[in-house]
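A quick write-up on the structure given underneath.
The values are calculated or read from the model by the stated rules, or taken from the named source; none is laboratory data. Remember, predicted model here, so these are calculated numbers, not experimental data. Cβ sites come from the backbone with ideal geometry, for glycine too, and all protein chains shown count toward neighbours. The protein model used for the area step is the full one, side chains on, heavy atoms only, and it has no ligands, DNA or RNA in it. Shrake-Rupley method; radii C 1.70, N 1.55, O 1.52, S 1.80 Å.
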Amino acid sequence: AFTQVDLRARAARKFALAERMYFTRAGLEQASSEGMARHRAQRFVGIDSLADLCCGIGGDLTQLGRHHLVVAVDRAPLHVRMASLNAAVYDASARLTTVCEDVRRVSLEHLDAAFVDPARRAGGVRARLSSGASEPPLSWCLELPTQVKRAAVAIKAAPGLPLELVPGDWEAEFVSEGRDLKECTLWSPTLATSTRRATVLDQ
């Protein structure tokens, strides 16, 4: 209980409804903020169904689940449960299915699109992986368009991702909240509107 009080206080910088949500330290560290998730979800307008892979505590799910049928996948049982509860806080669980499994073992062929937020830290909140490294690896994530019906994929990456790792027909969108560069989202050719983009969100 004391841990949740502390984490909810920290999470208030990311989520407007943090006082009703559930977190782990590792899950909060990697979770997209509400504003980031809302911005990203807008690119999936017109797509009915998608997978939220490595969903964690459900930061992106709070927005993706409001307008889409979503299959949320994570191998951590606690995060799967928290993702479901947190989606409900944002009225984003009506068409939600959760799966506790390694994302590489889940069939996506019945879904239109996928969003993946691979881990960039070793062992939760411990040391960061080297630049461009993640689990599952970026090479696997870049193959996701072949696994979904509309080849529509977004990959959340660190802003320091070496651009030579990004295929030429993918878009790399660098997103800041105010003056702080937060992340890079890679968009597959189906969703890309340019090759490079810089976006600044109001805090």
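Within region 29-111, the proportion of C-alpha pairs whose separation exceeds 16 Å stands at 44%.
Ranking of Arg75, Arg95 by solvent-accessible surface, largest first: Arg75, Arg95 (1.4 Å probe, protein heavy atoms only, all chains present). Only helices reaching 18 angstrom along their own axis (Cα) with mean Kyte-Doolittle hydropathy no lower than -0.5 count here, and for the DSSP H runs of the chain these are 77-89. Only Lys, Arg, Asp and Glu carry charge here, each on its Cβ (+1 for the first two, -1 for the last two); on that basis the chain has a dipole of about 420 debye about its Cα centre.
Extension gain, Val5-Asp91: 0.36 nm per intervening residue step, less the Cα-Cα distance, totals 28.7 nm. Taking Cα centre as origin and charging only the Cβ of basic (Lys, Arg, +1) and acidic (Asp, Glu, -1) residues, the dipole magnitude of region 7-56 rounds to 240 debye. Translational diffusion of the chain, estimated by Stokes-Einstein from the Kirkwood radius over alpha carbon pairs at 37 °C in a medium of 0.692 mPa s, is 196 µm² per second.
Set the Förster radius R0 to 30 Å, insert the Cβ-Cβ distance between Arg20 and Glu164 as r into 1/(1 + (r/R0)^6), and round the FRET efficiency to 0.05.
0.10
Distant-in-sequence amide contacts of Ala114, defined by a placed amide H-H separation under 5 Å and a gap of 5 or more residues or a different chain, comprise Ala51, Ala152, Val153, Ala154. Here each label is just a point 7 Å from Cα along the line to Cβ, and for Arg197 and Arg81 those points are 3.8 nm apart. Of the whole protein surface, Ser93 contributes about 50 Å² of accessible area at a 1.4 Å probe radius.
Taking 0.36 nm per residue of sequence separation and removing the Cα-Cα distance, the Arg179/Trp140 pair yields an extension gain of 10.9 nm.
Using the heavy atoms of the protein chains and a 1.4 angstrom probe, tell me the accessible area per residue for the chain in square angstrom. Mind showing how you got there, number by number?
Details: 9720 Å² over 203 residues.
Per residue, the chain has an accessible area of 48 Å².
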